[in-house]
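Here is the structure we will look at.
The values are calculated or read from the model by the stated rules, or taken from the named source; none is laboratory data. Note that the structure is predicted; figures quoted are calculated from it, not measured. A quick note on method: Cβ atoms are made from the backbone with ideal geometry, for glycine too, and the neighbour counts reach across all protein chains shown. Calculation scope for accessible area: heavy atoms of the full protein, side chains included, ligands and nucleic acids excluded. Shrake-Rupley method; radii C 1.70, N 1.55, O 1.52, S 1.80 Å.
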Amino acid sequence: MSSVHKDLSTHARIAERIIGNLVQASGPAVSPDGSTVAFVVSRIDMAKNKNFSQVWLAAADASTAPRAVTGGDHDSGPAWSPDGRSLAFASKRGAKSGETTLHVLPIATPGETRTIATMKEGVGDACWSPDGRWIAFTSRTLDERYEAEDESWQAPRKIERFFTKLDDEGWIFDRPKHLYVVAADGTGTPRNLTPGEFQHGSIAWKSDSSGLVVAAQRHETWDLDFANAIYSVSLDGTIDALTGLSGNYDAPAISPDGSNVAFVGFDDSRTYPQNVHVAVLPAGGGEHRWLSRQLDRTFETSAGSMSLQWLDDSTLLSAAEDRGETHLYEVSLDASEPKRLTSGAIGVNSFDAAGGTIAYAASAVDAVSDIFVHHDNEPLRLTSFADTYRSVAQPSSWERFTVPCTDGSDEIDAWIMLPTGFDAAARYPVLLNVHGGPHTQYGETFFDEAQVQAAAGFVVIMSNPRGGSGREQSWGQAILGPKHHAAPGAGWGTIDVDDVLAVLETTLQRYPFCDESRVGMIGGSYGGFMATWLAGCHGDRFKAICSERAVNNMLTEEFTSDIATIFQVEVGPSVIDAPEEYVRFSPIRFVRDITVPMLIIHSEHDYRCPISQAEELFVAMRLLHKDVTFYRFPGEGHELSRSGSPVHRRQRAEIILDFFAQHLAS
């Protein structure tokens with residue numbers, strides 16, 4: 001258990017207990033014979049204020065205890081050699097600041113770990129060629145014009161496209177992600193197969209080891225049409241497009257016999273959200289067929305990642321969200337309805353399959369992520385980090401329920417978590433949470449923020465209003481802009497607000513222990529948009545509201561975000577053609593009507609929702625003499641609450657709990 005310093009407040013101690021003890025597993029990689037699963041164990045060290053990770057191994061039949069096989073503090077991305085005798089992984093051990101090394105570790109025989117590549121800009125997607133001669137990986141390639149450490153000597157950046165920087169990564173146009181190969185025996189140096197300005201990722205080897213397939217944006221107008229295509233990259237550097245250039249395609253995977261390439265995505269790159277589906281096309285390119293559309297769900301994990309794995313030449317393994325849960329599915333080349341493999345109230349976040357073994361990482365509301373094997377249609381647990389965490393952090397469970405939409409069109413999925421030490425005869429303050437996205441979901445997965453709130457004595461309410469994921473595509477598209485070219489909807493701040501308020505009112509009526517006079521609301525990103533919107537339009541329903549990393553002014557957001565110009569895929573027309581539509585999506589226009597006390601939290605290095613979004617709201621509220629408190633976190637990006645420094649995560653939780661404890665006290 002992490003140390004609890006004597007000078008910490010009660011709320012800081014709660015946050016440290018919930019956040020500081022997090023140790024969990026993810027990213028399974030199954031050995032070719034199916035006997036062993038490699039995976040990554042991540043942990044938080046509050047005393048050192050660091051996030052650490054190591055590679056572990058476990059027997060797929062759970063016959064022996066899992067064990068760590070790397071001793072570094074930042075090891076990740078395990079990948080098996082075709083013969084199962086070695087394991088490649090990325091690390092920052094012994095590297096200079098910012099560098100990442102690629103290593104090969106003998107598994108079947110004794111031997112030393114050898115370093116086969118050192119990259120200044122990281123290593124990702126490492127995978128072995130089927131013949132075992134090569135390891136491919138992705139890494140950013142810094143333009144030598146910008147290598148000067150002292151910026152006073154650095155050349156000016158010449159900006160010619162959108163999406164030149166990325167949250168938590170900084171400038172990327174001058175350091176595009178490229179595809180590299182290096183000899184697996186450690187001889188030679190990494191060779192760049194995709195030099196130039198274009199970005200690449202999600203790589204897979206061809207079955208004959210002659211090259212790879214990769215997802216990339218290599219056409220001249222990619223930053224205007226947002227399309228992402230699948231390409232073939234030969235070892236001699238020849239690059240050919242396998243798909244058209246009007247869709248959004250990712251995560252390619254080649255069938256064992258080499259005849260087909262599967263991928264996930266959708267065809268209209270200018271409309272979002274859409275449910276992500278599984279497709280297949282001939283290995284040489286051509287027309288693709290959609291395989292998973294008989295299940296109207298998005299085929300991505302609860303963590304928002306997309307992945308595919310061939311089980312045989314006619315069946316694929318994927319994951320899909322379903323009303324708060326995320327499960328594994330078999331997808332067939334005959335395009336029949338996908339078959340669910342997993343069950344229960346869980347959230348699968350990553351998976352792999354080889355040698356007849358399917359391994360996956362999953363969590364539940366009161367269980368951090370562990371590694372499981374799908375065995376005889378039942379889960380076989382390989383790790384027990386959830387049990388260890390329960391013993392020290394005492395996480396809460398919750399109750400799922402549904403609420404009718406106010407227009408009678410459908411029902412909303414919702415969850416309620418009771419405060420620690422719950423007494424049915426008492427009445428408790430309530431915190432209404434709204435998720436980001438909006439095309440994401442709350443659900444059956446571990447969520448430390450809800451755990452912290454419940455441990456501090458609040459009833460926690462969460463729901464998946466229209467606009468979210470895990471449902472039919474029409475549900476997610478219900479709040480697209482009224483002038484959208486493909487699927488006009490009601491727009492943000494309309495029926496999504498109705499759904500959130502319907503969940504709140506139903507909860508207050510159904511559960512008498514909820515004190516309707518002590519209700520607070522919190523949301524981040526799109527949830528922060530909802531927080532500011534509710535403060536301006538429904539503030540009389542709440543005693544306090546916290547707006548985090550919010551979109552407060554969509555007009556300026558579309559000009560200043562790291563993904564500026566992309567919001568037209570949701571709004572409809574561009575910000576130049578119809579600025580009034582972006583004003584319509586902007587809750588700051590209701591600032592004069594805000595009467596509820598507000599807490600604003602934002603990260604100073606947030607590029608997704610730049611800190612100017614918080615500054616605009618703070619300046620307006622301060623000029624109007626409103627009750628507003630503003631906290632700025634230095635050195636953090638948009639992902640502060642999930643991957644920020646442990647101390648900042650604890651401080652953020654303490655600030656939030658103190659704020660609501662003060663305003664919901666009576």
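Taking every residue in the stretch 573-586 that is more than 18 Å from Ala487 (Cβ to Cβ) and pairing it with any residue that is in a loop (DSSP other than H, G, I, E, B) and polar (S, T, N, Q), at least 6 positions away or on another chain, the pairs with Cβ-Cβ distances below 6 Å are Ser586/Asn553.
Taking the criterion of being outside any loop (DSSP other than H, G, I, E, B), open to solvent by less than 10 Å² (accessible area, probe 1.4 Å) and either of a type outside the set (A, V, I, L, M, F, W, C) or modelled with pLDDT under 95 (or both), the only residue of the stretch 296-320 that qualifies is Ser318.
Each residue in the stretch 402-434 was checked for being open to solvent by less than 10 Å² (accessible area, probe 1.4 Å) and under 24 Å from Leu534 (Cα atoms), and 13 pass. Checked against (1) in contact with a Lys or Arg (Cβ under 9 Å, 6 or more places away or on another chain); (2) more than 28 Å from Thr494 (Cα to Cα), Arg632 passes all but condition (1).
Take the conditions (1) at pLDDT below 95; (2) touching a Pro at 6+ places or on another chain (Cβ under 6 Å); (3) among the hydroxyl-bearing types (Ser, Thr, Tyr); Ser292 misses just one of them, which is (1).
Of the residues making up the stretch 16-74, just one is on the phi > 0 side of the Ramachandran plot and open to solvent by 50 Å² or more (accessible area, probe 1.4 Å), namely Asn49.
Of all residues in the stretch 174-219, which are under 25 Å from the mean Cα position of the chain (by Cα) and charged (D, E, K, R)? Scanning the stretch 174-219 gives Asp174, Arg175, Lys177, Arg218. Taken over the stretch 96-115, the residue count meeting the criterion of being modelled with pLDDT of 90 or more, farther than 25 Å from Ile172 by Cβ and of a type outside the set (S, T, N, Q) is 6. Inclusion of Arg608 among residues that are at pLDDT 95 or above, surrounded by fewer than 22 Cβ atoms within 10 Å (Cβ to Cβ), closer than 20 Å to Leu166 by Cα and not hydrophobic (A, V, I, L, M, F, W, C) is warranted. Among the residues examined, Val233 does not qualify as closer than 30 Å to Glu570 by Cβ and open to solvent by less than 20 Å² (accessible area, probe 1.4 Å). Across the stretch 377-386, the number of residues qualifying as open to solvent by 80 Å² or more (accessible area, probe 1.4 Å) and over 11 Å from Thr342 (Cα atoms) comes to 1. Residues in the stretch 243-262 that are in contact with a Pro (Cβ under 8 Å, 6 or more places away or on another chain) and aliphatic (A, V, I, L, M): Val261, Ala262. Among the residues of the stretch 106-122, those that are touching a residue at least 40 places away in the same chain (Cβ under 8 Å) and open to solvent by less than 30 Å² (accessible area, probe 1.4 Å) comprise Ile116, Ala117, Met119. Any residue at all in the stretch 541-564 that is more than 20 Å from Asp496 (Cβ to Cβ), touching a Lys or Arg at 6+ places or on another chain (Cβ under 6 Å) and without any contact (Cβ under 8 Å) to a residue 40 or more places away in the chain? Within the stretch 541-564, not a single residue is more than 20 Å from Asp496 (Cβ to Cβ), touching a Lys or Arg at 6+ places or on another chain (Cβ under 6 Å) and without any contact (Cβ under 8 Å) to a residue 40 or more places away in the chain. When restricted to residues that are in a loop (DSSP other than H, G, I, E, B) and under 21 Å from the mean Cα position of the chain (by Cα), the stretch 271-295 contains 6.
Matching residues to (1) over 17 Å from Tyr180 (Cα atoms); (2) surrounded by fewer than 23 Cβ atoms within 10 Å (Cβ to Cβ):
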{"site": "Gly201", "(1), (2)": "no, yes"}
{"site": "Asp208", "(1), (2)": "yes, yes"}
{"site": "Ala216", "(1), (2)": "no, no"}
{"site": "Trp222", "(1), (2)": "yes, yes"}
{"site": "Ala229", "(1), (2)": "yes, no"}
{"site": "Gly237", "(1), (2)": "no, yes"}
{"site": "Gly244", "(1), (2)": "yes, yes"}
{"site": "Tyr249", "(1), (2)": "yes, no"}
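Quick check: anything in the stretch 367-376 small (Gly, Ala, Ser) and assigned to a helix (DSSP H, G or I)? No, the stretch 367-376 contains no residue that is small (Gly, Ala, Ser) and assigned to a helix (DSSP H, G or I). The requirement of being assigned to a loop (DSSP other than H, G, I, E, B), touching a residue at least 12 places away in the same chain (Cβ under 8 Å), basic (Lys, Arg) and in contact with a His (Cβ under 8 Å, 6 or more places away or on another chain) is fulfilled somewhere in the stretch 596-614, by at least one residue. Residue check: is Phe173 more than 30 Å from Trp56 (Cα to Cα) and buried (at least 19 other Cβ atoms within 10 Å of the Cβ)? For Phe173, the condition - more than 30 Å from Trp56 (Cα to Cα) and buried (at least 19 other Cβ atoms within 10 Å of the Cβ) - is met. Among the residues of the stretch 350-367, those that are under 16 Å from the mean Cα position of the chain (by Cα) and crowded, with 24+ Cβ neighbours inside 10 Å comprise Phe351, Ala361, Ala362, Ser363.
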